[in-house]
Amino acid sequence: MKFRRHSSAAFLVIGLLLSLQCLMIVHAADRRTAALPAIQEKQRMVKALQLTDLCLFTEARYTRHPAMADFHSAFQDGPLSFEHFPSGSLVTPTDLMRDYRD
Amino acid sequence: MIELKNVRKIYNSGRPNEFAALKGVSFDCEARTFTVIKGPSGSGKTTLLSILGCMARPTSGRIMFREREITSLPERFLAEIRRNAFGFIFQQYNLIKGMTALENIMLPAYPGGEKRSVLEKRAMALLDHFNLCGKALSQIERLSGGEAQRVAIARALINDPAVIIADEPTAHLDTGLSREFMETMLSLKREGRTIVMASHDTLVCGSAFVDRVIEMRDGSLECKGAEA
Amino acid sequence: MIEKQRNILDFTLSSLLRRKGKNAALLIVYTLVVSLLASVLFFTHALRKEAGLVLTDAPDMVVQKLLAGRYDLVPLTYADRIKAVRGVGTVRGRLWGYYFDAGIGANYTVMAPGDQPVAAGSISIGEGIARTRKASEGDVLPLRGQDGEVRLFQVAQVLSPQSSLVSSDLILMSERDFREFFSIPSTHATDLVLTIANPRERATIARKITQALPDTRPIIRDDIARTYDSVFSWRSGLLLVILASVVVSFLIFAWDRASGLSAEEKYEIGILKALGWETSDVLFMKFCEGLVISLTSFLAGVLLAYVHVFVASSSLFQPVLKGWSVLYPDFKLIPFIDAFQVATLFFFTVVPYSVAVVIPAWRAATVDPDAVMRA
């Protein structure tokens, strides 16, 4: 009688997962090359329109244009106002905001 | 073959529940003999068998196996000896539930590094010897008491050990199965193996194949010597 | 040697199969936890990478005017003062603002492009607007201007979906229409964009501009380009929350395993030792147990995360990312994957769990089998 080993099945499953991983890597590389024209188009548009931000969160000014926002933006509606946009918790003011006034 | 010199075994040393299971036991055992250790529960039989089978280290004393001292061998070598030279049949069988009979039998041989196909062949041969071929892939829970015991014996034999150690093997068997068991032990003895068994079953102690019966009480041997 | 390891692996697997239900549940949950974390890593990294690539030609510098801490229109006379600063190339006014579409509650960004102007009376709209307003080329879009009057604009073009990451909510109109629509005089602009020949001079020029014009705020390209690095860094809100919950889950798993073996497991180890297994064999078996589960979870989790983020457009994150936005971009991200992140994830997924399985077994495995059997 021939009996099937558990470890053979395990190697098969792991092998399958690993080959799917390889497939994933190939797919990603393929998609990257295919996306090149799209990236170039976006770069063109950024240059032509002099854009500064990606269009990700259109709720508020400072979530739509985080590069243009400053520390006060979230609270401009009132001196004691809190953050009230959900994506404001995702788009926090960056460390890179600099004040060039000495 | 096996020699114990003034072996002591104390559990929970230094604590209030300190307990001396063996109090200076000296014992020797020739090859190809069938020795029975008789005594009431609590007399230290199981402890003696554990120490004989390299499953426990004595608190003091020396153990010789095949003329070699093994008392203070590192765990690795002790495990190797235990695996290759001894086959243990426990009172509760201690088969692993949820696994097939075949796998249980092969278990002691896994660390040996032999190819699985070789192990499977050997295990099947043993199952065949005990008329259990049909139960090879059955789970342990589904076996009857007698079948389970035969699997336990087969497991003890997978590495072709020189010594068989059995702890109260007939405790849960009826007369018929007990007799069958003793027949098996006899054939093993005839194959050239050494057998050491703990039992207070009169059927065992009074058996004609037994070379020697040793009595134990409260951690020491009462008498030592050949009896027929 | 290999045979011995394989034999022990066989036993490990049959041991896992013996508690099918529990181990299956463990595997599934661990996979989901890994895929959640991997999804966040893939998402943020891909966005950062794309932002970095796409914003390479963002303006060298943007100069805003502030009034009482808010943005004010910048007078075009400032452009002359700025041009006088050494190192500044061209200075142009940008015209852009926001339009709130009350009908559907969406915010649009309205721009009047300097180059390639749009014809009067016409607009180009981003694909997000086309989607939400169900508008296409040739349609007429009514927009309410600053003075409250509704104006009709004809959609001349829908911007390509390929550019949606930057243009999804844009409305482009001619400069005249823009100034008329928002009542912005021809003397002012929203902000000024500069070209600066030498990138290393940007910070210096920014300082000089603030000295010359104290009510302005310059923003240089380095900061613009790296905004998204910090928006999606691990300290940002989204990532921190998810990271925290994932770390807690991992800890719960590890604690469950590390808090000790069940009596049944101890008993089994005792049997193995009694049968002649060495301590190292038992520990190897335990390690395999942890490795099998965590490795499978890792591989499956990463695959799931990839499919979720790059094939299904991170649909599970939509409620979080969308917030109150009505206009929501289609996150068709390009698969940029950071191998280092994946390797780190592998390390943190597999190693702690495998170790957490082995450690509690250590004690049971080193004790004399006799003692374990008696207990």
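The values are calculated or read from the model by the stated rules, or taken from the named source; none is laboratory data. Note that the structure is predicted; figures quoted are calculated from it, not measured. So basically every Cβ, Gly included, is an ideal-geometry build from the backbone, and we count neighbours across all protein chains shown.
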>> What's the number of the only condition in (1) closer than 24 Å to C:Glu201 by Cα; (2) facing another protein chain (nearest Cβ under 10 Å); (3) not in a strand (DSSP E or B) that C:Val85 fails to meet?
In response: (2)
>> With the requirement that a residue be closer than 13 Å to C:Val302 by Cα and of a type in the set (Gly, Ala, Ser), what does segment C:343-361 give you?
In response: C:Ala343
> What do you reckon, is C:Asp256 of a type in the set (D, E, K, R), farther than 23 Å from C:Asp368 by Cβ and in the same structural domain as C:Ala46 (by TED's automatic domain parsing)?
Replying inline: yes
>> Given the condition within 11 Å of chain C (Cβ to nearest Cβ) and surrounded by fewer than 21 Cβ atoms within 10 Å (Cβ to Cβ), answer yes or no: does some residue in segment B:147-157 qualify?
In response: no
> Which one is nearest to the other protein chains (Cβ to nearest Cβ), of the residues in segment B:71-92 that are farther than 15 Å from B:Leu49 by Cα and not in a helix (DSSP H, G or I)?
Replying inline: B:Pro74
> Can you pull out the residues in segment B:1-60 that are crowded, with 20+ Cβ neighbours inside 10 Å, small (Gly, Ala, Ser) and outside any strand (DSSP E or B)?
Replying inline: B:Gly39, B:Ser43, B:Gly44, B:Ser50, B:Gly53, B:Ala56
> Which is touching an Asp or Glu at 6+ places or on another chain (Cβ under 8 Å) and at negative phi, of C:Ile125, C:Ile129?
Replying inline: C:Ile129
> If you take the residues of segment C:109-135 that are under 15 Å from C:Phe153 (Cα atoms), in contact (Cβ under 8 Å) with a residue 60 or more places away in the chain and under 27 Å from the mean Cα position of the chain (by Cα), which of them is surrounded by the most Cβ atoms within 10 Å (Cβ to Cβ)?
Replying inline: C:Ile129
> Among (1) touching a Ser or Thr at 6+ places or on another chain (Cβ under 6 Å); (2) touching a residue at least 40 places away in the same chain (Cβ under 8 Å), which single condition is C:Ala206 missing?
Replying inline: (1)
>> If I filter segment C:291-308 for residues that are aliphatic (A, V, I, L, M), in contact (Cβ under 8 Å) with a residue 60 or more places away in the chain and either surrounded by fewer than 17 Cβ atoms within 10 Å (Cβ to Cβ) or within 30 Å of B:Tyr93 (Cα to Cα) (or both), do I get at least one hit?
In response: yes
>> Name the residue that is modelled with the lowest pLDDT, counting only residues in segment B:104-135 that are facing chain C (nearest Cβ under 9 Å) and touching an Asp or Glu at 6+ places or on another chain (Cβ under 8 Å).
In response: B:Gly113
> So is C:Leu275 within 14 Å of chain B (Cβ to nearest Cβ), more than 26 Å from A:Met24 (Cα to Cα) and touching a Phe, Trp or Tyr at 6+ places or on another chain (Cβ under 8 Å) or not?
Replying inline: yes
> Quick one: in segment C:1-47, which of the residues that are more than 8 Å from chain B (Cβ to nearest Cβ) and touching a Pro at 6+ places or on another chain (Cβ under 9 Å) is farthest from C:Thr349 (Cα to Cα)?
Replying inline: C:Ala46
> Limited to segment C:289-344, what total is found for residues that are part of a helix (DSSP H, G or I) and under 21 Å from A:Ser19 (Cα atoms)?
Replying inline: 27
> Mind checking which residues of segment A:26-64 are of a type in the set (Val, Ile, Thr), facing chain C (nearest Cβ under 7 Å), assigned to a helix (DSSP H, G or I) and buried (at least 19 other Cβ atoms within 10 Å of the Cβ)?
Replying inline: A:Val46
>> When you check C:Ala24 against the structure, is it modelled with pLDDT of 90 or more, surrounded by fewer than 17 Cβ atoms within 10 Å (Cβ to Cβ) and in a helix (DSSP H, G or I), yes or no?
In response: yes
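Let's see how each residue does on (1) free of Cβ contacts under 8 Å to residues at least 40 places away in the same chain; (2) more than 30 Å from A:Ser7 (Cβ to Cβ); (3) in contact with a strand residue (DSSP E or B) (Cβ under 8 Å, 6 or more places away or on another chain); (4) not β-branched (Val, Ile, Thr):
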| residue | (1), (2), (3), (4) |
| --- | --- |
| C:Thr12 | no, no, no, no |
| C:Val33 | no, no, no, no |
| C:Leu37 | no, no, no, yes |
| C:Thr44 | no, yes, no, no |
| C:Leu47 | no, yes, no, yes |
| C:Leu53 | yes, yes, no, yes |
| C:Asp60 | no, yes, yes, yes |
| C:Ala102 | no, yes, yes, yes |
